[in-house]
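See below for the structure under consideration.
The values are calculated or read from the model by the stated rules, or taken from the named source; none is laboratory data. Only a predicted model underlies this, so the values are computations on that prediction, with no experimental measurement involved. So basically every Cβ, Gly included, is an ideal-geometry build from the backbone, and we count neighbours across all protein chains shown. Protein only, heavy atoms only, side chains kept; ligands, DNA and RNA dropped before computing areas. Shrake-Rupley method; radii C 1.70, N 1.55, O 1.52, S 1.80 Å.
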Protein chains: 2
Amino acid sequence: MNLVTKFKIATSVNEVYEAFVDPEKIGNFWFSSSSERWESGKKIQLTYDEYNARLEITVVEAEPNKKIAFKWGADDEERTITITLHELENSETIIEVNEEGFADNDPDLMAKLLDNKEGWVFMLTCLKGYLEFGVTKLRGGLVKD
Amino acid sequence: MNLVTKFKIATSVNEVYEAFVDPEKIGNFWFSSSSERWESGKKIQLTYDEYNARLEITVVEAEPNKKIAFKWGADDEERTITITLHELENSETIIEVNEEGFADNDPDLMAKLLDNKEGWVFMLTCLKGYLEFGVTKLRGGLVKD
């Protein structure tokens, strides 16, 4: 099983790409901190203070303005996330997030899919708020309990 | 099966309530148009131009600043949505959206849950953007295809 979420952002692919890979920018819409610039092969430490989350990801591929692929999750539950950017003629960007590797036979599959779908839609709406309107305080608004 | 989505909005319960029931306000974060003020027992026509959607809902209960319950969907697939508002001490609002009535034996259950989870998270983030930051152009950013 995989999860696909797609948004349109009215900024260039470069601005969208940099928002993820630049540790100075990610805190405006997603994780609170990112240990260094995302580049192919690097392991990055991320925190999300509002949800007491701390995790490490491995960047599999970072192709400027086009694609970011990374892995997260425990060894027996590792999933790959591929973020693809597509520039439209008017310099807007279509961003697609595809998370793959959910086990079909996991009894908690539905809960995990819903939880992560929630996370992707929230992050992408926060990204749109940040890049189009300079709003950086949407993150943290989702209540998890 | 039901779907629960919960957000914190840094405005009063009255502002959150009015955003839904006042046809002049809903277009800032959710449907493009709403035929009249939401009140118990009324049928309301809604459109969402960006997604070519047109539907009718029946408001089951509208208790100012506390709760809005409505039904949508075809007769054999009718679902009830209950929006509950809870005011925190600092005048912030916890809003919970609970959609009930998904048939457990529907072969498309997972796709329908994911689709509607996507919609609720998107709408609630847009609501937060509108009420806290006056941003009214996040809606339409989600790409459905």
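Residue count for the stretch B:107-136 under the criterion of being in contact (Cβ under 8 Å) with a residue 12 or more places away in the chain and among the hydrophobic types (A, V, I, L, M, F, W, C): the result is 10. Could you please let me know if B:Thr5 is under 21 Å from B:Thr80 (Cα atoms) and open to solvent by less than 30 Å² (accessible area, probe 1.4 Å)? Taking the combined requirement at face value, the residue satisfies it. Out of the residues in the stretch B:106-127 that are of a type outside the set (Asp, Glu) and farther than 25 Å from B:Val60 by Cβ, which is farthest from the other protein chains (Cβ to nearest Cβ)? Among residues in the stretch B:106-127 that are of a type outside the set (Asp, Glu) and farther than 25 Å from B:Val60 by Cβ, the one farthest from the other protein chains (Cβ to nearest Cβ) is B:Pro107.
Taking the stretch A:60-87 as the range and being part of a loop (DSSP other than H, G, I, E, B) and either among the aromatic types (Phe, Trp, Tyr) or free of Cβ contacts under 8 Å to residues at least 24 places away in the same chain (or both) as the test, the residues that pass are A:Ala74, A:Glu78. Would you confirm whether or not the stretch A:22-38 contains a residue that is within 14 Å of another protein chain (Cβ to nearest Cβ) and either among the charged types (D, E, K, R) or not in a helix (DSSP H, G or I) (or both)? Taking every residue of the stretch A:22-38 in turn, at least one turns out to be within 14 Å of another protein chain (Cβ to nearest Cβ) and either among the charged types (D, E, K, R) or not in a helix (DSSP H, G or I) (or both).
Filtering the stretch A:49-70 to residues that are surrounded by fewer than 14 Cβ atoms within 10 Å (Cβ to Cβ) and among the hydrophobic types (A, V, I, L, M, F, W, C) leaves A:Ala53, A:Leu55.
The selection criterion, being in a strand (DSSP E or B) and not polar (S, T, N, Q), does not hold for B:Val16. Among the residues of the stretch A:130-139, just one is part of a loop (DSSP other than H, G, I, E, B), more than 8 Å from every other protein chain (Cβ to nearest Cβ) and surrounded by 15 or more Cβ atoms within 10 Å (Cβ to Cβ), namely A:Arg139. Of everything in the stretch B:88-105 that is within 14 Å of another protein chain (Cβ to nearest Cβ) and assigned to a strand (DSSP E or B), the residue that is farthest from A:Gly119 (Cα to Cα) is B:Thr93. For A:Glu15, the test of being out of contact with any His (no Cβ under 9 Å at 6 or more places or on another chain), open to solvent by 30 Å² or more (accessible area, probe 1.4 Å) and without any contact (Cβ under 8 Å) to a residue 60 or more places away in the chain is failed.
Per the listing A:Gly27, A:Gly73, A:Gly41, the residue uniquely within 30 Å of A:Leu109 (Cβ to Cβ) and either surrounded by 15 or more Cβ atoms within 10 Å (Cβ to Cβ) or not hydrophobic (A, V, I, L, M, F, W, C) (or both) is A:Gly73. Tell me, yes or no, whether the stretch B:106-123 has at least one residue that is farther than 30 Å from A:Thr84 by Cβ, of a type outside the set (Ser, Thr, Tyr) and either touching a Pro at 6+ places or on another chain (Cβ under 8 Å) or at pLDDT 95 or above (or both). No - not one qualifying residue is present in the stretch B:106-123.
In the set (1) touching a helix residue (DSSP H, G or I) at 6+ places or on another chain (Cβ under 7 Å); (2) open to solvent by 40 Å² or more (accessible area, probe 1.4 Å), the condition left unmet by A:Glu96 is number (1).
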